[in-house]
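Notes for the one structure printed next.
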Amino acid sequence: MENFFKESFKDILNKIKDEELREQTVKAWIMAAEDGGWKVSEIDKIPFTLLTETEGLSIMEHTLAVTYGAEGLANALLNNYKKMPFEINFDFIYAGGLLHDVGKLSEIELVDGKYRKSFAGKCARHPISGAIIAAKLGMCNEIINIIANHAKEGDGRPQRVETVLIHQADFATFNPMVMKTKGLLIE
């Protein structure tokens, strides 16, 4: 399983300078997969959300899109602001982006060929279960903040700038799918 995640996220993992953070990121995915009872062959088929039609887009594709989107937003700020009003930690962008939805591996289950919300997912949404996984692994509070606050749970809460960028990238990939399902996306 370790090789699957290392290979799937190789390009982004290689950008994380902090070796311990890089290893913890992989361990978090392994822990989440084991907690959710997933086999390696199933992981890249898990939909990235149950809230709308995903047209086959998986949690793995979504995770990469969000991480690269947050990186792009961070670079847009750095390349265009004459004076940056805050620092951006790219290790947090990369690890936080990869981990923002890790809790979905316990939130979603496959039963009789259909994906549905698991009992664990009914008890705690993925930002909470993902933050718990990160805390169990001893990850830094900044990464826990990103995971716990990247979705509606973070509304009105103190957030790292990396959390904000990951949140925006996450919703930029989610909202068009909702709009398309509702017939509101102009194509």
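The values are calculated or read from the model by the stated rules, or taken from the named source; none is laboratory data. For clarity, every value in this text was computed on a predicted model and none was experimentally measured. Neighbour counts run over all protein chains shown; Cβ positions are idealised from the backbone, glycine included.
Annotations for the structure displayed:
- Qualifying residue in segment 25-42 (condition: part of a loop (DSSP other than H, G, I, E, B), crowded, with 18+ Cβ neighbours inside 10 Å and not small (Gly, Ala, Ser)): yes
- Residues in segment 104-159 that are closer than 20 Å to residue 47 by Cα, in a helix (DSSP H, G or I) and at pLDDT below 95: 152 alone.
- Qualifying residue in segment 166-176 (condition: in contact with a Pro (Cβ under 7 Å, 6 or more places away or on another chain), in a helix (DSSP H, G or I) and modelled with pLDDT of 95 or more): no
- Taken together, the criteria exclude residue 17 from residues that are at pLDDT 95 or above, of a type in the set (Lys, Arg) and closer than 16 Å to residue 108 by Cβ.
- The set of residues in segment 64-76 that are surrounded by fewer than 15 Cβ atoms within 10 Å (Cβ to Cβ) and not small (Gly, Ala, Ser) contains only 75.
- Filtered residue count, segment 53-63, keeping only those that are surrounded by fewer than 17 Cβ atoms within 10 Å (Cβ to Cβ) and either farther than 12 Å from residue 104 by Cα or not polar (S, T, N, Q) (or both): 5
- Within segment 70-103, being among the aliphatic types (A, V, I, L, M), part of a loop (DSSP other than H, G, I, E, B) and farther than 25 Å from residue 137 by Cβ holds for one residue alone: 84.
- Checking each residue in segment 145-163 for being in contact with a Gly (Cβ under 6 Å, 6 or more places away or on another chain) and either more than 12 Å from residue 97 (Cα to Cα) or among the charged types (D, E, K, R) (or both) picks out only 162.
- Test: residue in segment 53-63 that is among the β-branched types (Val, Ile, Thr), part of a helix (DSSP H, G or I) and touching a Ser or Thr at 6+ places or on another chain (Cβ under 7 Å): no
- Output for segment 167-187, where each listed residue is closer than 14 Å to residue 152 by Cβ and either without any contact (Cβ under 8 Å) to a residue 24 or more places away in the chain or within 13 Å of the chain's Cα centre (by Cα) (or both): 167, 168, 170, 171, 174, 175
- Residue in segment 87-144 that is surrounded by the most Cβ atoms within 10 Å (Cβ to Cβ), counting only those that are of a type in the set (Ser, Thr, Tyr) and in contact with a Leu (Cβ under 9 Å, 6 or more places away or on another chain): 94
- Residue match in segment 15-22 (condition: under 29 Å from residue 179 (Cβ atoms) and either among the aromatic types (Phe, Trp, Tyr) or in contact (Cβ under 8 Å) with a residue 40 or more places away in the chain (or both)): no
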